[in-house]
Amino acid sequence: MAEQQEDRQLLLVEDDPADAQLVADLLTESEGPGYTIHHHARLETALAHANEAAFDAVLLDLGLPDSQGLETVRAFQRGTGALPVVVLTGQENRELGTQAIQLGIQDFLPKGGLAPDLLDRILDYAINR
């Protein structure tokens, strides 16, 4: 009998409920491993949860009610350490993505280009790096 693989634990930090639902739907549609999504709309509550539980990866929006831009990445890294982070943003600014990667995130995804298999591949890559 094959051993059943546990879902990956994903921390989703996204203040837009429609975008959070889109991520959940895309991950449900992907053919990769399953994910248990822990959603927070504010950086403050996400940081508290990240320090209380183990996560495989983080999808982090750069435009939150309590943090904006690269400061969101910096604050998350200061507060959590070495979790693999993929930035998810509505901003199509490639320079911002390059700067975030230079800060140590695993990847940068514009929300407009999301597809189930792409999202799954990028998360898988970030987790396994």
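Give the residues of region 75-87 that are in a helix (DSSP H, G or I) and either within 12 Å of the chain's Cα centre (by Cα) or acidic (Asp, Glu) (or both), sorted by residue number.
So the first thing to find is which residues in region 75-87 are in a helix (DSSP H, G or I), and the list is 75-80.
Hit for region 75-87 is 76, nothing else.
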Notebook entry, point to check: Among 45, 36, 72, which is the only one that is part of a helix (DSSP H, G or I), on the phi < 0 side of the Ramachandran plot and open to solvent by 40 Å² or more (accessible area, probe 1.4 Å)?
Noted result: 45
Check: What residue, of 65, 17, 84, is touching a Lys or Arg at 6+ places or on another chain (Cβ under 9 Å) and open to solvent by 70 Å² or more (accessible area, probe 1.4 Å)?
Finding: 65
Check: If the Cβ limit is 6 Å and pairs must be 6+ apart or interchain, which residue in region 52-67 that is in a loop (DSSP other than H, G, I, E, B) pairs with which residue that is of a type in the set (Ser, Thr, Tyr)?
Finding: 62/72; 62/89
Next item on the list: Among the residues of region 88-125, write down those that are closer than 19 Å to residue 43 by Cβ, part of a loop (DSSP other than H, G, I, E, B) and within 13 Å of the chain's Cα centre (by Cα).
Entry: 105, 106
Item checked: Criterion violated by residue 21 - all others in (1) assigned to a helix (DSSP H, G or I); (2) in contact with a helix residue (DSSP H, G or I) (Cβ under 9 Å, 6 or more places away or on another chain) satisfied -> (2)
Check: Is it the case that some residue within region 96-103 is buried (at least 21 other Cβ atoms within 10 Å of the Cβ) and free of Cβ contacts under 8 Å to residues at least 40 places away in the same chain?
Finding: yes
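Before we move on, is residue 50 open to solvent by less than 40 Å² (accessible area, probe 1.4 Å) and over 19 Å from residue 23 (Cβ atoms)? Write out each step before concluding.
On the way: open to solvent by less than 40 Å² (accessible area, probe 1.4 Å): yes; over 19 Å from residue 23 (Cβ atoms): no.
Criteria not met by residue 50.
Output the number of residues of region 104-129 satisfying the condition of being open to solvent by 60 Å² or more (accessible area, probe 1.4 Å) and without any contact (Cβ under 8 Å) to a residue 40 or more places away in the chain. Reasoning before the result, please.
Initial filter on region 104-129 (open to solvent by 60 Å² or more (accessible area, probe 1.4 Å)): 112, 117, 121, 125, 128-129.
The next check asks that each one be without any contact (Cβ under 8 Å) to a residue 40 or more places away in the chain; those that pass are 112, 125, 128.
So the count comes out to 3.
The values are calculated or read from the model by the stated rules, or taken from the named source; none is laboratory data. Since the model is a prediction, treat every value here as computed from it, not as a measurement. Positions of Cβ are backbone-derived with ideal geometry, glycine not excepted, and every protein chain shown enters the neighbour counts. Ligands, DNA and RNA are excluded from the accessible area calculation, which covers all protein heavy atoms including side chains. Shrake-Rupley method; radii C 1.70, N 1.55, O 1.52, S 1.80 Å.
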